[in-house]
Amino acid sequence: MTLHTRSLAALALGLTAREFSSVELTQHFLDRIAASNGALNAFLTVTAERALSDAKRADALLAKNQGGALTGIPIAHKDIFCTDGIQTTCASKMLKGFVAPYDAAVVERLTAAGTVLLGKTNMDEFAMGSSNETSHFGPVKNPWDLAKVPGGSSGGSAAVVAARLAPAATGTDTGGSIRQPAALTGISGIKPTYGRVSRYGMIAFASSLDQAGIMAASAEDCAALLAPMAGFDARDSTSVERAVPDYVAGLQQSLKGLKIGILKEFFAEGLEAHTGARVQAAIEEYRRLGAEIVEVSCPNLPLSVPTYYVVAPAEASSNLSRFDGVRFGYRCENPRDLLDLYKRSRGEGFGSEVKRRIMTGTYVLSAGYYDAYYLKAQKVRSLITDDFKRAFSQVDVLLGPTAPGPAFAIGDKVDDPVTMYLNDIYTIGANLAGLPAMSIPCGFVNELPVGLQLIGPHFSESQLLAVAHGYQQVTDFHSRVPAAYA
Amino acid sequence: MSEFITPAGWEVVIGLEIHAQLATRSKIFSGSATAYGAMPNTQASLVDLGYPGTLPVLNQEAVRMAVKFGLATGSRVADRSVFARKNYFYPDLPKGYQISQYEKPIVEKGSIDVLQEDGITKRVGITRAHLEEDAGKSMHEGLENASGIDLNRAGTPLLEIVSEPDMRSAREAVAYLKKIHTLVRYLEICDGNMQEGSFRCDANVSVRRIGAERLGTRCEIKNVNSFRYVEKAIHYEVIRQIDVLESGGKIIQETRLYDAAKDETRSMRSKEEANDYRYFPDPDLLPVVLDEAFITSVRATLPELPDEKAARFMASYGLSAYDAALLTASRDVAAFYEAVVAAAKPDAGLAKLAANWVMGDFSAFLNRDGLELSAAKVSTSGLAGLLDRLSDQTISGKIAKEVFELMWAEGLSADAVIEAKGWRQITDTRAIEAAIDAVIAANPEQLADYRSGKDKLFGFFVGQAMKATQGKANPAQLNELLKSKLASH
């Protein structure tokens, strides 16, 4: 059995049994990266030296039987997480060459758990995009079809896991940036409850929506990695002080009697027929597993895209003000004066999608427009949150599609922002309400993966993972690997 | 100062915005130190520098201090207040926004009583007080074609105290400012150091014709960093506005800068040029939620407040409102005064005598030497010892001033100075009578003139007799004895 298609549990077993060392495992993935990254453009930075020294340290621990479940497991981090001594770019010209002097909380915790850092993954610039085409460093290719997008913004992490260049990778999800690329590349990804994972050291896009999560081949692998990432962090005031359950142990929860809600609004106009059929088939699978299927409605959910495109740009316009050419990041050549320094540093350093959102955000916060846009959007946000609350008083989990269709062609939607934004129509609601949500593969359309989305009440990660795991016990979509990377 | 009288027919309307730097050890959203005067950028952490990925964490001590202020001014302390972002670009503002409270401040709707010089107490409304972070400093001196940025101050906690437009003269404004200055130091929430910028003030000034209902257009004067300059800047602005209006002009709402060297205000930016700050709630910080138990626990830490202390001084020491206000303006001075009174021997006139000395010579010497109260050269017991010798008439008031000077200079007790100098007052009636007799005998002409009605010559005899006793005769006794001797001869 090849190393790169094993589950994390199997890898951990192999490491503790000395079947292979962490250095060997790491080298195996580094070789795969060297072979494939040129075509995929999924890694922005490969930290081979650091990876091997991490692996050596892990091997030393394993030799003393002091390793944990993740000791010596190689992973990749989205290039939005600050890494001490390693460049963190957010895939922007603005941060090309930027090296933070500290690790993000997520990086710190996964390193402490013994993981080995393979490198930093490509993404949409500042996580703004649904196709990975806004990266300053070029688009990421979908391993299932190099002419297709991998989704975004965590497209690099998704492609890395889909092509098995790493067993798992971190991602962030502001409006679907973990789930949509997971769906488009046929992998599993979880966006935890807002506040579950510390945002410290994660470069902010929209602070009230951003949440870090994990992308891997299966729900079981996600469970293993989410556990050390989750938990209170005093450095993030929005992180929640609440015990972290044992997600791996929780996978065995029975699906018998589970009440699954089918959101009426997710199966309306806009959902491609074949994708809808795959999702329906998955729902039938759950019925066979003993779950009760109920139709529910969140009437305000169709307003989630416009709401999101007011709230997220508003916060982004402020969050990105710190990139002014003064202290760090890109600075224009020979500024004439302060205003010129600001204008040209930002004008030259940011890409067009980032600028579009900064301008949108600046507009909706302006005097005279604030009430009509920002305040109104916040009110709709509460209505959407209330809708979900009502739905969860009837059911345990909501199921639906992750994206309207499978991966689309690179270049297809790049000139049409509104169509692009609609790709997140099913994922944004969970961000607005701060709910945990997952995407798992549930079939193929034209040999491209389709994602099934699961949304749960606040802090129901354990149940979500179990619901996903139950499905993956009776299906094999999650273990399929694109032929070129098998 | 008669020059500060408002021109007839006009009414001045003033409101103040005071920025009090809170005396926390660390910054409002980071763990960096707040000490003044460190090397540039040595007290700026990654949070203060606005590094990508860093997040603010609220300093609970700053909240406690703001609540203290709210309770001390009878304000409403909000059970829920919200931090917002004030967005604008400036090199000394690392994040491109300042975290401040906007729509929901922590303190609202209070007031403070201010004793004016005419003895009338005026109540000034406090609209709100909110928490915010300070920006860094831009430095231009000594740099060519460049500006320096020092972010040591970035993130220092400020309490912005906004008054109602209740003040009607520069005098009243300064009296209010002083009262707030006294209060924040009593509460130990601000060191009040105006030179170092820990206590700053912007003044909103407008004028209107007496009887006019609507307020005039106001100008905001920035950069006033002493009580005297506040008074001068406001006065300048009042005269400027009245001149403009009387010559048929209009006041433009704008921000003006006070130039102390030229004693004038200059336009900085008009309302049209003002930034649109695009305030919105900061998503990185949770609302500040305070429960009754917390507020009660803060209330328990409140010291005796200036007004309470002044009232007690009037009641227990029999001081006038003016003396009591002056003595209680500083918590340390008030404590010093009380310690002096406690250490001295009880005497009918002691409280007033002590008040005069603490506010008089003692304060004058501190000022002369530029010393803090804690570094005074005469202690509470030292001053009490001097007052004892005044009370028991060992020395006269005139001699006491000389004794005090030597106590200050040499670090001696009053008794030691009096002994060494032989300044013990002569109270022996026979000794004084002997001196008087000798003076009368030596000046027969003056005696004759006096007796023929030249009353003014009494002073001559007092002077001569004092001289004969080297100034040590008890003045009251001397007067009395002299009067009867001159009459009886």
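I need the Kirkwood Rh of region B:342-410: take the reciprocal of the average 1/r across all distinct C-alpha pairs and report it in angstrom.
Radius from the Kirkwood sum: 12.2 Å.
For region B:117-255, what size does the Cα cloud have along each of its three principal axes, sorted from largest down, in whole Å?
49, 42, 24
Work from the charge dipole of the protein assembly as shown (Cβ charges, +1 for Lys and Arg, -1 for Asp and Glu, about the Cα centre) and give the residue of B:L447, B:Y36, A:F267 farthest towards its positive end.
B:L447
With θ set to phi - 60°, apply the Karplus curve 6.51 cos²θ - 1.76 cosθ + 1.60 along region B:414-423 and write out the HN-Hα couplings as whole Hz, x wherever there is a Gly or Pro.
4, 4, 4, 5, 4, 4, 4, 8, x, 8
Sequence gap at least 6, Cα distance under 8 Å: using those rules, report the relative contact order of region B:306-421 to the nearest whole percent.
Computed value for region B:306-421: 21 percent relative contact order.
Once all Cα-Cα distances of region B:306-421 are split into 5 Å bins that start at 0, what whole-number percent is in each one?
Once binned at 5 Å, the Cα pair distances of region B:306-421 give 2, 12, 24, 24, 20, 12, 5, 1, 0.
Tell me, what ³J(HN,Hα) does each residue in region A:357-373 have, in order and in whole Hz, if you take phi through Karplus 6.51 cos²θ - 1.76 cosθ + 1.60 with θ = phi - 60° and put x for Gly and Pro?
Using θ = phi - 60°, the values come out as 6, 4, 5, 4, x, 5, 5, 5, 9, 5, 4, x, 10, 3, 5, 5, 10 Hz.
Evaluate the charge dipole of region A:333-423 about its Cα centre and quote only its size in Debye, nearest 20, assuming +1 on the Cβ of each Lys and Arg and -1 on the Cβ of each Asp and Glu.
Here the size comes out at about 280 debye.
When the accessible area of region A:1-75 is split by element with a 1.4 Å probe, what percent falls to carbon and sulfur?
The nonpolar share, carbon plus sulfur, comes to 56 percent.
Can you give the convex hull volume of the alpha carbon atoms of region A:31-121 per residue, in Å³?
94 Å³
Among the lysines, which have Cα under 25 Å from the Cα of B:K456 when same-chain residues fewer than 8 positions away are ignored?
Cross-link targets: B:K398, B:K467, B:K472, B:K483, B:K485.
Under 16 Å from a point 7 Å along the Cα-to-Cβ line of B:R209: which residues of region B:245-281 have their amide N that close?
B:245-251
Projecting each Cα onto the charge dipole of region B:206-274 (Lys/Arg +1, Asp/Glu -1 at the beta carbon, about the Cα centre), which of B:I210, B:N223, B:S247 comes out farthest on the positive side?
B:I210
Whole angstrom only: what separates the Cα centroid of region B:169-211 from the Cα centroid of region B:83-115?
If you average the Cα positions of each part, the centres end up 17 Å apart.
Once R0 is set to 30 Å, what does the formula 1/(1 + (r/R0)^6) return for the Cβ-Cβ distance between B:N479 and B:Y322, expressed as a FRET efficiency to the nearest 0.05?
Details: r = 30 Å, r/R0 = 1.01.
The value I calculate is 0.50.
For A:R235 and B:E17, FRET efficiency with R0 = 25 Å and r from the beta-carbon atoms, rounded to 0.05?
0.15
So, for region B:429-488, what is the accessible surface per residue at a probe of 1.4 Å, expressed in square angstrom?
Values: 3490 Å² over 60 residues.
About 58 Å² of surface per residue is accessible.
With every protein chain kept in place and ligands, DNA and RNA left out, what is the accessible area per residue of chain A? Probe 1.4 Å, answer in Å².
In whole numbers, chain A has 33 Å² accessible per residue.
Mind listing the long-range amide H neighbours of B:S26? Cut-off is under 5 Å, sequence gap 5 or more, other chains count too, H placed in the peptide plane at 1.01 Å from N.
For B:S26, no residues qualify.
Pop out the ³J(HN,Hα) list for region A:430-442 in order, Karplus 6.51 cos²θ - 1.76 cosθ + 1.60 with θ = phi - 60°, rounded to Hz; leave Gly and Pro as x.
Coupling constants for region A:430-442: 4, 5, 4, 8, x, 8, x, 8, 10, 10, 10, x, 9 Hz.
When 1/r is averaged over all different Cα pairs and the result inverted, which Kirkwood radius in Å belongs to chain A?
22.1 Å
Could you list which residues have their amide H under 5 Å from that of B:E132, counting only those 5 or more apart in sequence or on another chain, with H placed in the peptide plane?
Those qualifying (amide H under 5 Å, at least 5 residues apart or on another chain) are B:L158, B:E160.
Could you tell me how far the Cα centroid of region B:116-130 sits from the Cα centroid of region A:299-360, in Å?
45 Å
At 1.4 Å probe size, with every protein chain present, just tell me what the per residue accessible area of region B:306-421 comes to in Å².
About 48 Å² of surface per residue is accessible.
Sorted from largest down, what three extents in whole angstroms do the Cα atoms of the protein assembly as shown have along their principal axes?
Sorted from largest, the Cα extents of the protein assembly as shown read 137, 76, 59 Å.
So what's the back-of-envelope 222 nm ellipticity for the protein assembly as shown, counting only DSSP H runs of four-plus at -39500 (n - 2.57) apiece and dividing by all residues, rounded to 500?
Working: 32 runs with 369 residues, N = 975.
Result for the protein assembly as shown, helices only: -11500 deg cm²/dmol.
To the nearest whole number, what is the average tally of beta carbon atoms from other chains within 10 Å of the beta carbons of peptide A:314-326?
So the per-residue partner count for this stretch is 6.
Quick one: Debye curve from the alpha-carbon atoms of region B:1-127 only, equal weights, vacuum; give me log10 I(q)/I(0) at q = 0.13, 0.17 Å⁻¹ to two decimals.
Taking Cα atoms of region B:1-127 as identical point scatterers yields -0.76, -1.04.
State the Cα centre-to-centre distance between region A:244-259 and region A:398-449 in whole Å.
26 Å
If you fit an axis through the alpha-carbon atoms of helix B:227-246 and take the longest principal axis of the Cα set of chain B, what angle between them do you get, 0 to 90°, nearest 10?
Taking the Cα atoms of chain B, the angle to B:227-246 is about 70 degrees.
How well do other chains shield peptide B:275-282, expressed as the mean number of their Cβ atoms within 10 Å of each residue Cβ?
So the per-residue partner count for this stretch is 6.
What is the magnitude of the charge dipole of chain A about its Cα centre, with +1 placed on the Cβ of each Lys and Arg, -1 on the Cβ of each Asp and Glu, and no other charges, expressed in debye to the nearest 20?
Dipole about the Cα centre, nearest 20: 480 debye.
Would you mind classifying region A:189-309 by shape? Square roots of the alpha carbon gyration tensor eigenvalues, ordered a ≥ b ≥ c; an a/c under 1.5 is rounded, otherwise it is prolate if a/b is larger than b/c and oblate if not.
Oblate is the answer for region A:189-309, as a/c is 1.5 or above yet b/c matches or exceeds a/b.
Tell me, what % of the accessible area of chain B is carbon and sulfur with a 1.4 angstrom probe?
Of all accessible area on chain B, carbon and sulfur atoms account for 51 percent.
Between B:K345 and B:M314, 0.36 nm times their residue separation minus their Cα-Cα distance comes to what?
So the extension gain works out to 9.2 nm.
What distance in nm separates the two pseudo spin-label positions at B:N443 and A:E447, each 7 Å out from Cα along the beta-carbon direction?
Those two pseudo-labels are separated by 13.1 nm.
Would you kindly calculate the translational diffusion coefficient of region B:429-488, applying Stokes-Einstein with the Kirkwood radius from alpha carbon pairs, for 20 °C and a viscosity of 1.002 mPa s, and quote it in µm² s⁻¹ without decimals?
Details: Rh = 11.2 Å.
The estimated diffusion coefficient comes to 191 µm²/s.
Any idea what angle helix B:429-442 forms with the longest principal axis of chain B, computed on alpha-carbon atoms, 0 to 90 degrees, nearest 10?
70 degrees
Do you know the relative contact order of region B:9-286, to the nearest whole percent, from alpha carbon pairs under 8 angstrom that are 6+ apart?
This gives 24 percent for region B:9-286.
Quick check on chain B: what does the Kirkwood estimate of hydrodynamic radius come out to from the alpha carbon pairs, in Å?
26.8 Å
Using only the Cα atoms of region B:9-286, construct the convex hull and provide its projected area averaged over every direction, in square nanometres to one decimal.
Numbers: hull surface 64.2 nm².
Convex hull of Cα atoms, orientation-averaged projection: 16.1 nm².
Mind putting a number on the dipole of region B:196-293 about its Cα centre? Charges go on the C-beta only, +1 for Lys and Arg and -1 for Asp and Glu, and I need it in Debye to the nearest 20.
580 debye
For B:R269, enumerate residues with amide H under 5 Å from its amide H, sequence gap 5+ or separate chain, H modeled in the peptide plane.
Amide H neighbours of B:R269, under 5 Å, 5+ apart: B:T255.
Rank by packing, highest mean first: peptides A:122-130, A:219-227, with packing defined as the count of other Cβ atoms within 10 Å averaged across residues.
Ranked by mean Cβ neighbours within 10 Å, highest first: A:122-130, A:219-227.
Going toward the positive end of the dipole of region B:306-421, with +1 on Lys and Arg Cβ and -1 on Asp and Glu Cβ, which of B:A343, B:A416, B:Y317 do you reach last?
Toward the positive end, the furthest listed residue is B:Y317.
The values are calculated or read from the model by the stated rules, or taken from the named source; none is laboratory data. Source: prediction; values computed, not measured. Reconstructed Cβ throughout: ideal geometry from the backbone, glycine too, with neighbour counts over all protein chains shown. Accessible surface areas use protein heavy atoms only, side chains included; no ligands, DNA or RNA. Shrake-Rupley method; radii C 1.70, N 1.55, O 1.52, S 1.80 Å.
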